[in-house]
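Read the figures in this text as sums done on the coordinates, not as results from a lab. None of these values were measured; they are calculated from a predicted model. Note that we place each Cβ from the backbone using ideal geometry, even for glycine, and neighbour counts take in every protein chain shown.
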Amino acid sequence: MTAAHDCIFCKIINGDIPSFKVFEDDKTIAFMDINPVNPGHILVVPKAHASNIFEIAPDDWAACMVNAQKVAKAVQQVLAPDGINIMQANGTGAGQSVFHVHVHVMPRQSGDDLKMNREYIPGDMEEIAQLAEKITTALLEQ
Ligand code: AMP
Ligand code: ZN
């Protein structure tokens, strides 16, 4: 990774900027989305930088999906939302805004009318921090 590499998720992975981390293994980390579509929105991210699904190594992609399942189970246990979407965007036309590949675990509420190309509205950081703790605990108990 060069100094010129300006990727916000690499900075989170390296601990250069803070995040509400809920899970980490050798290939991935998972942290709370700070602009959640609903409470409990989490991103699962490969540690190795790749821009999108075309670049990511298959074993890193597999690790993201395995861990997205673990995260979804923890979200289900803690929040019991009306539903959960697993979503991943490639390219601006698909609504991708951060060009380090990531898998969204998106809790849904009936009638939330979520759009795939959405506005980013900051969540309540206190609530995000509290949920991060609960979801981390649920993941440790799996
Ligand atoms: P996408 O639009 O699919 O590329 O998703 C990028 C996601 O990253 C959005 O849901 C943002 O809210 C989220 N995001 C951007 N910066 C941060 C950050 N520093 N910490 C947590 N989530 C972030
Ligand atoms: Zn990156």
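Can you give the charge dipole size of the chain about its Cα centre, rounded to the nearest 20 debye, using +1 on the beta carbon of Lys and Arg and -1 on the beta carbon of Asp and Glu? The partial results should precede the final answer.
On the way: 10 positive and 18 negative charges, 43 e Å.
For this selection, approximately 200 debye.
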Check each of the chymotrypsin sites (Phe, Trp or Tyr not before Pro) in the stretch 1-79 and keep only those in coil by DSSP with at most 11 other C-beta atoms within 10 angstrom; list them in order. 54
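Hey, what number do you get for the chain at 222 nm if only DSSP H runs of n ≥ 4 count, each worth -39500 (n - 2.57), divided across all residues, to the nearest 500? It would help to have the intermediate numbers written out before the result.
Values: 3 runs with 44 residues, N = 142.
After summing the helix terms and dividing by residue count, I get -10000 deg cm²/dmol.
Relative contact order for the chain: what is it in percent, counting Cα pairs under 8 Å that are at least 6 residues apart? If you can, show how the numbers build up before the last one.
Numbers: 229 pairs, mean separation 43.1, N = 142.
Across the chain, relative contact order equals 30 percent.
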12 Å beta-carbon shell around residue 44, net charge (K/R +1, D/E -1): 0
Along the stretch 32-41, what does the Karplus equation 6.51 cos²θ - 1.76 cosθ + 1.60 (θ = phi - 60°) give for ³J(HN,Hα), rounded to whole Hz, x for Gly and Pro? 5, 6, 7, 10, x, 5, 7, x, x, 5
Tell me, what ³J(HN,Hα) does each residue in the stretch 126-137 have, in order and in whole Hz, if you take phi through Karplus 6.51 cos²θ - 1.76 cosθ + 1.60 with θ = phi - 60° and put x for Gly and Pro? 4, 5, 4, 5, 5, 5, 4, 4, 5, 6, 4, 4
Apply the Karplus curve 6.51 cos²θ - 1.76 cosθ + 1.60, θ = phi - 60°, to the phi angles in the stretch 84-100 and return the couplings in whole Hz, x for Gly and Pro. 9, 9, 9, 9, 8, 10, 10, x, 4, x, 9, x, 6, 10, 10, 9, 10
Long-range amide H partners of residue 84 with built H, under 5 Å: 108
Could you list, by residue number, the cysteines of the chain that have no other cysteine's beta carbon within less than 4.7 Å of their beta carbon? 64
Long-range amide H contacts for residue 22: which residues qualify at under 5 Å (H placed 1.01 Å from N, peptide plane, sequence gap of 5 or more or a different chain)? 30, 31, 32
